[in-house]
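Novice: I have a structure here, written as structure tokens, and I will follow up with some questions on it.
The values are calculated or read from the model by the stated rules, or taken from the named source; none is laboratory data. Quick caveat: nothing in here was measured; it's all calculated off a predicted structure. Positions of Cβ are backbone-derived with ideal geometry, glycine not excepted, and every protein chain shown enters the neighbour counts. Ligands, DNA and RNA are stripped out before the accessible areas are found, and what is left, the full protein with its side chains, is counted by its heavy atoms. Shrake-Rupley method; radii C 1.70, N 1.55, O 1.52, S 1.80 Å.
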Amino acid sequence: MIAAIAAVLCTSGVASAETFIRIGSGLAGTYPIVGAKMAEIINENVEGVTATTVAGGTEANFALMSQGEIEIVLTYGFLTPRVQAGKGSLGVATPQARHLMTLYGAYFQPAASKDSGLTALADLEKGSYRIWGANATSIFYPMIASALEANGTSFDKVKAAGGTVDEIGYSDTAGAMQDGRLDVAFFAGPAPYSLLMQIENKPGFTLLGFDEAAGKAYRAALAGTRMRELPAGTYEGQTEAVMLPYLMNEAVISADVPEDIAYKITKALVENVDKFHELFKGAEEIQPATMRSLASVETHPGAVKYYEEAGIKADD
């Protein structure tokens, strides 16, 4: 009997020592791919930690972090300080959000169907166009709204011109363009991007670039955004280079994660960074030297401890 009780206590002790890390990795695009690889690396290299991914919208995942139900969220850097302060579309403050690491950039790529004849976002008021506006709780909503405003238009102006704003899911936008249900959609990811490659031939598309003034306005609206030229020939039929916003992705970790666990997670991800590089074009940007760059909020002390030990410096 004594031996049996000892075995139960031993087993109970092992179970209570297990730490669960849930990674909010979005619904489509590159986030689910990166989140799955993160979980794999953590599970293989951090003893006593079990990592899993959770599908869901980015702000919804932040809300779950505020409730202690998610520990890591993949997001765009511009969104983190907004949500941390409760200024996101859901109005849920996530004060425990801490920077874990900067990951990779993504081109913000507005695309118009060839049949629409559109060549600029500013021209949306000149006809009754059908555009994708995303749901107000989507991470894409502020990206799209800011793009329209930077180019002198808005959702309201599109509607006033007889156009429509659709809120279908992001993963359905390419299909909607192929079916003729959308004239304009907005994509964010590497280039060439898989969703855009689906519509290169049917219906074909034109990237709607930003001039200098629009680029400046967009950068002012979304902190941490840069402008970057997308070379000609990136997509079939793209004969000219296009200037587009370039947004940085980051991983955010909850301050509730113990320092030693955050340290071990950071160490595992940094020391296995090469495993991210073949996931998709652009993933090679995930590099230790830039993981502390453009940190949108305070970095978790466990991550700071590892970075300092590894000689990885923060932005000046």
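Novice: Which of the residues spanning the stretch 230-277 are aromatic (F, W, Y) and farther than 30 Å from F20 by Cα?
Specialist: Initially, the stretch 230-277 is screened for residues aromatic (F, W, Y), giving 235, 246, 263, 276.
Within the stretch 230-277, Y235, Y246 meet the criteria.
Novice: Starting from the stretch 225-253, keep only residues that are more than 14 Å from G105 (Cβ to Cβ), then list their pairs with residues that are of a type in the set (S, T, Y) and in a loop (DSSP other than H, G, I, E, B) whose Cβ atoms are within a distance under 6 Å, requiring at least 6 positions of separation or different chains.
Specialist: A232/T239
Novice: Continuing with the same structure: Taking E259 as meeting all but one of (1) open to solvent by 50 Å² or more (accessible area, probe 1.4 Å); (2) under 17 Å from the mean Cα position of the chain (by Cα), write down the number of the exception.
Specialist: Unmet for E259, out of (1) open to solvent by 50 Å² or more (accessible area, probe 1.4 Å); (2) under 17 Å from the mean Cα position of the chain (by Cα): (2).
Novice: May I pose another question? Can you tell me which residues in the stretch 117-138 are outside any loop (DSSP other than H, G, I, E, B), touching a strand residue (DSSP E or B) at 6+ places or on another chain (Cβ under 8 Å) and not hydrophobic (A, V, I, L, M, F, W, C)? Steps first, answer last, please.
Specialist: Pass one, the stretch 117-138, residues outside any loop (DSSP other than H, G, I, E, B): 121-126, 130-132.
From what's left, touching a strand residue (DSSP E or B) at 6+ places or on another chain (Cβ under 8 Å): 121, 124, 130-132.
Once the filter is applied, which keeps residues that are outside any loop (DSSP other than H, G, I, E, B), touching a strand residue (DSSP E or B) at 6+ places or on another chain (Cβ under 8 Å) and not hydrophobic (A, V, I, L, M, F, W, C), the stretch 117-138 yields only R130.
Novice: Further, regarding this structure: At least 3 residues that are open to solvent by less than 10 Å² (accessible area, probe 1.4 Å) and not acidic (D, E) in each: list the strands (runs of 3 or more DSSP E) lying fully within the stretch 33-116 that qualify.
Specialist: Numbers: elements: 49-54, 72-76, 97-113.
It comes to 72-76, 97-113.
Novice: I'm checking my understanding of the structure. Among residues of the stretch 271-288 that are in contact with a Lys or Arg (Cβ under 8 Å, 6 or more places away or on another chain) and open to solvent by 30 Å² or more (accessible area, probe 1.4 Å), which one is farthest from I33 (Cα to Cα)?
Specialist: K275
Novice: For the structure I just gave you, tell me whether T30 is open to solvent by 10 Å² or more (accessible area, probe 1.4 Å), closer than 22 Å to I286 by Cβ, of a type in the set (S, T, Y) and in contact with a helix residue (DSSP H, G or I) (Cβ under 9 Å, 6 or more places away or on another chain).
Specialist: Yes: the conditions hold for T30.
Novice: Just checking, does the stretch 159-167 include any residue being under 22 Å from G282 (Cα atoms) and open to solvent by less than 30 Å² (accessible area, probe 1.4 Å)?
Specialist: no
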